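Please read the structure below before turning to the comments.
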């Protein structure tokens, strides 16, 4: 059973979403929040598997809440569900730690499928969102990736693409977290990528 926390300041939408998702036999609504601060507090108290997070909310917006929750509870997966498809919101959310980004017009069955995917550690981007995110990657750097990366760096990059954090990667590859961080630094440098999310997106496109 995947336990969900819904964070959205629009009561009608949030409650309607809760009703639709409750139909799914493997999804359970653990709680709801009307702003980012409530989402942070609920995440600590309820420890949900996945949080559906809106971007624009009062008191504390979704990006700030995502960053705080990801830093404190990296095992909680966050899926942004919003009406905004601005490049800035997308990149900020993904850089803050969100594993997925969907628009609210996404059909309920697709949202449910995305929740299941995110719960397993995989990123989920809506079609138009994926295009915007992938546009941030440099084709020239990714073309030479197999040649410039070591076997170990490719192993690390693949796990990054699967949504694993540094602790999980270190445990799986029997490395120290410091060594994993060093590998990530080298990967970003060799591929000319600016951050982890760009590397994760590339890995999902080419390695998984």
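What follows is calculated from the coordinates using simple rules that are stated; it is not laboratory data. Keep in mind the model is a prediction, meaning the values are calculated, not measured. Cβ coordinates were reconstructed from backbone atoms using ideal geometry, including for glycine residues, and neighbour counts include every protein chain displayed.
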**Asked** What order, most packed first, do the peptides 45-58, 185-198 have when packing is the mean number of other Cβ atoms within 10 Å of each residue?
**Response** 45-58, 185-198
**Reported label for calculated semi-axes √(5λ) of the Cα gyration tensor in Å given [x] 30, 18, 15; [y] 58, 16, 12; [z] 30, 22, 17** = [x]
**Two-site label geometry, residue 20 and residue 83: point separation in nm, points 7 Å out along Cα→Cβ** = 1.5
**Message:** Give the separation of the Cα centroids, the stretch 177-198 to the stretch 66-86, in Å.
**Reply:** 21
**Asked** How would you order 154-166, 85-97 from highest to lowest mean count of nearby Cβ atoms within 10 Å?
**Response** 154-166, 85-97
**Request:** Arrange 34, 180, 80 by Cβ neighbour counts within 10 Å, fewest through most, would you?
**Result:** 34, 180, 80
**Message:** Per DSSP helix of 4 or more residues, -39500 (n - 2.57); summed, then divided by the residues of the chain. What does that give at 222 nm, rounded to the nearest 500?
**Reply:** -16500 deg cm²/dmol
**Request:** Could you calculate, for the stretch 139-206, the ratio of the Cα radius of gyration to the Kirkwood radius, expressed as Rg to Rh?
**Result:** 0.93
